[in-house]
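The values are calculated or read from the model by the stated rules, or taken from the named source; none is laboratory data. All values derive from a computational prediction rather than experimental measurement. Every residue, glycine as well, gets a Cβ built from its backbone with ideal geometry; the counts of neighbours run over all protein chains shown.
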């Protein structure tokens, strides 16, 4: 998110430079073409309608045409080149407006999801299963609780081949309970992949508390 804000700030600064250069270009163009239009028209209003090449006005006109006008043309060319370069660079910072945030952007912006009746219903069944008081009921509750969190991740757009891939897209600054979910997920893997692995009542309470706090923090239960 910090990178996005930095890019957004860079884009705004480039657009500001773009408009400043454009304004300067317009002013230089006015002065550049003034001699061929407005400048000579003004000189035409002098007595006799002509410039006295030997007088002060003629001398000023000579300085303008021979020195200042070519200089303004030179600066015009530089400004046009700068304007094009700034415009090209600023284009990459322009992003089309989005109708909705992605799940990660929603959490990063402090938003919560609405209560999900499906996830809430499944979660209550997990809690009921944990009340069995046996190793099998505790292990089943942990496995199913982990699956509820993964259901949330899949349902709300987090992509990845495994739950770990999906969960890694959420950081602690967005959901503080995510670190505890990682611990519970590792416990779940031990249960699933280690034959005869046992859990205690406290292990079960800690794991389910992590899952519950996560689901509450994102707002779906």
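Observations on the structure shown:
- With respect to being within 20 Å of residue 114 (Cα to Cα), in the same structural domain as residue 117 (by TED's automatic domain parsing), in contact (Cβ under 8 Å) with a residue 24 or more places away in the chain and surrounded by fewer than 18 Cβ atoms within 10 Å (Cβ to Cβ), residue 206 falls outside the description.
- Selected residue [part of a helix (DSSP H, G or I) and within 26 Å of the chain's Cα centre (by Cα)] from 208, 153: 153
- Selected residue (criterion: surrounded by the fewest Cβ atoms within 10 Å (Cβ to Cβ)) from residues of the range 110-132 that are in contact with a helix residue (DSSP H, G or I) (Cβ under 7 Å, 6 or more places away or on another chain) and assigned to a loop (DSSP other than H, G, I, E, B): 112
- Between 172, 179, the distinction of being under 25 Å from the mean Cα position of the chain (by Cα), assigned to a loop (DSSP other than H, G, I, E, B) and free of Cβ contacts under 8 Å to residues at least 12 places away in the same chain belongs to 172 only.
- Assessment of the range 159-175 against the conditions (modelled with pLDDT under 95 and under 23 Å from residue 128 (Cβ atoms)) yields no matching residue.
- Residue match in the range 133-145 (condition: over 15 Å from residue 218 (Cα atoms), outside any helix (DSSP H, G or I) and modelled with pLDDT under 90): yes
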